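Colleague: Quick one: the structure is below, questions incoming.
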Amino acid sequence: MTCARRCRAAWTVAALTILIGLSPGASAQAPATAAPPSAGAPARAAALTDAAMEAFLLNATIGSHRSVGAGVTNTVVATLTDGTLTHDAQIQTVDISKTSFEAGKASEFNFKDSYRYNIAGYRLSRMLGMDNVPVSVQRQVDGRPAAVTWWLDDVQMTERERLKNPSLGPTPALTAQQIQVMQVFDELIQNKDRNQGNILWGRDWKLWLIDHTRAFRLGKKLIKPGELKRCDRVLLQRLRALTPAALDQEMKGMLTKGEMEALLARRDNLVKLFDERIAKIGEVNVLFDR
Ligand SMILES: Nc1ncnc2c1ncn2[C@@H]1O[C@H](COP(=O)(O)OP(=O)(O)O)[C@@H](O)[C@H]1O
Ligand SMILES: [Mg+2]
């Protein structure tokens, strides 16, 4: 099917979904913190496949840019159109490498902040069966390499906002499970910047993980192993099955050899940690299915 036909079909399904009232949990909530997107209905976006979003982000014409008053690096958003679909994308061009970085308590050696890690985070999430990292592709923008990332336009609040009233959320169990998936992912990628503004809740209470530009460090040990209590069953299976060859194929140009080796060492530590917990307290108390 062509992209145009696929998009039209997807839109029809999405429109019907809204008409018959199946749209998930769209109750009135606090507004999203970031600037609203200029175009593109959330339901349409939700119906597109990853491949369709990747093709759009790679090929659509990039229109006007504007900056968003959230985050720390003055994020740039652009409106893209391919003649059929119009949607926003984040344009991230940061690519910094420093032997040491001073930021109060968060000073770091071998500091890196790179757009490449947004793309690596997206690709890795899909290898692990996760669908909650927005689609991100590499593309030249104004003569510079950038991560062009699908803008999530059905965000209702950040985790920072939700924690002001922690009774908000899906069920407590579903909130906890989504946080637990995030914790495992962040240990795997050794993310140094999972601040609460990088955790976005969709209107359907899906938890989205964004901004991985300060991840994929070289440390091989887990940072907070004591916080890892439970794991999604599929995620653990996928972690176990991750091979150097598959990682190398997916991450070419995005991660260095050293970054991949460190990731695989942390993977080994994660699998060991959960296997030991299962042996100690039983699978039913460690793994969950979603
Ligand atoms: N793909 C996206 N969809 C929706 N909002 C986004 C997206 N990317 C970034 N944002 C918003 O922009 C803010 C800043 O972007 P972020 O990637 O976190 O950069 P930084 O924190 O380095 O400035 C985020 O906190 C979020 O509110
Ligand atoms: Mg951020």
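Nothing in this text is a laboratory measurement; each read-out follows from the coordinates by a stated rule. In this text the structure is predicted, and so the values were computed from the model without any measurement. Note that we place each Cβ from the backbone using ideal geometry, even for glycine, and neighbour counts take in every protein chain shown.
Colleague: Are there any pairs, at least 6 apart or on different chains, whose C-beta atoms fall under 7 Å, with the first in region 228-242 and closer than 14 Å to N285 by Cβ and the second surrounded by 15 or more Cβ atoms within 10 Å (Cβ to Cβ) and acidic (D, E), and if so, which?
Modeller: L228/E187
Colleague: With the requirement that a residue be over 15 Å from the mean Cα position of the chain (by Cα) and among the charged types (D, E, K, R), what does region 132-189 give you?
Modeller: Correct list: R139, D142, R144, R160, E161, R162, K164.
Colleague: In addition: Quick one: is Q183 out of contact with any Pro (no Cβ under 6 Å at 6 or more places or on another chain), away from ligand 2 (no atom under 16 Å from the Cβ), in contact (Cβ under 8 Å) with a residue 60 or more places away in the chain and not aliphatic (A, V, I, L, M)?
Modeller: In short, no.
Colleague: State the number of residues belonging to region 188-224 that are among the basic types (K, R), within 11 Å of ligand 1 (Cβ to nearest atom) and farther than 22 Å from L273 by Cα.
Modeller: We begin by selecting, within region 188-224, every residue among the basic types (K, R); these are 192, 194, 203, 206, 214, 217, 220-221, 224.
Pick out the ones that are also within 11 Å of ligand 1 (Cβ to nearest atom) and you get 194, 214.
If we keep only those that are farther than 22 Å from L273 by Cα too, we end up with 214.
Total satisfying the criteria: 1.
Colleague: Here is a follow-up. Condition (residue is touching a residue at least 12 places away in the same chain (Cβ under 8 Å) and hydrophobic (A, V, I, L, M, F, W, C)) applied to region 277-285: is it met by at least one residue?
Modeller: No, region 277-285 has no match at all.
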